[in-house]
There are 2 protein chains.
Amino acid sequence: MCEASAYIIDGERQELIMEAVDSVEPEDGGYKLVNIFGEQKFIKGTIHSLSLVDHKIYLQKSA
Amino acid sequence: MCEASAYIIDGERQELIMEAVDSVEPEDGGYKLVNIFGEQKFIKGTIHSLSLVDHKIYLQKSA
């Protein structure tokens, strides 16, 4: 499986917010993350970057 | 390996722009895509959504 872990980046800090993320969909000025277990999380912000071989998604909260 | 294919979405249409994408990094009002072969492509736009289990990244060009 090729799901990834999602992190919020805040300066130097990275906070893991969800593991095994499958889909990331735009919603209400942010993104809805859904993992392979069907868990959902909404993040008000943007997708900062991806590193898929490392299985990582980086998001950034909007101010 | 868990790289993905990158598509530009334009209404109903999806255009494949790069296969085997590893990293997507913000750069100059857009994103630089790099695939596992070291090829690079710059897209002026935003990341629309992700479907990682399907190995798909969707981008949207800015107007």
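The values are calculated or read from the model by the stated rules, or taken from the named source; none is laboratory data. Fair warning: this is a prediction, and the values are worked out from it, not measured in the lab. Note that we place each Cβ from the backbone using ideal geometry, even for glycine, and neighbour counts take in every protein chain shown. For the accessible areas, the whole protein counts, side chains as well, though only heavy atoms, and no ligand, DNA or RNA atoms are used. Shrake-Rupley method; radii C 1.70, N 1.55, O 1.52, S 1.80 Å.
A few remarks follow.
- Normalised per residue, the accessible area of the protein assembly as shown is 56 Å², obtained with a 1.4 Å probe and no contribution from ligands, DNA or RNA.
- Here the relative contact order of chain B, from alpha carbon pairs under 8 Å that lie six or more residues apart, stands at 32 percent.
- When only the Cβ of Lys, Arg, Asp and Glu is charged (+1, +1, -1, -1), the dipole of the stretch B:4-61 relative to its Cα centre reaches about 100 debye.
- Across peptide B:25-35, the mean count of Cβ atoms from other chains lying within 10 Å of each residue's own Cβ comes to 2.
- When the alpha-carbon atoms of the stretch A:4-61 are used, the pair Rg, Dmax equals 10.4, 30 angstrom.
- Here's the list of lysines a cross-link from A:K32 could span, going by alpha-carbon distance under 20 Å and ignoring same-chain residues fewer than 8 apart: A:K41, A:K44, A:K56, A:K61, B:K56.
- Label positions at B:D10 and A:L16, each projected 7 Å from the Cα along the C-beta direction, are separated by 4.1 nm.
- In the stretch B:1-52, GluC sites (Glu not before Pro) in a DSSP loop with at most 11 other beta-carbon atoms within 10 Å: B:E12
- The protein assembly as shown: C-alpha gyration tensor shape, a/c 1.5 cut-off, then a/b vs b/c: rounded
- Accessible area that becomes buried as B packs against A, both chains, 1.4 Å probe, Å², nearest 100: 1700 Å²
- Förster radius 25 Å - calculated FRET efficiency between A:S51 and B:V53, Cβ distance, rounded to 0.05: 0.90
- Accessible surface of the protein assembly as shown, 1.4 Å probe, proportion on carbon and sulfur as whole %: 44 percent
- For the stretch B:1-52 versus chain A, the gap between their alpha-carbon centres in whole angstrom: 16 Å
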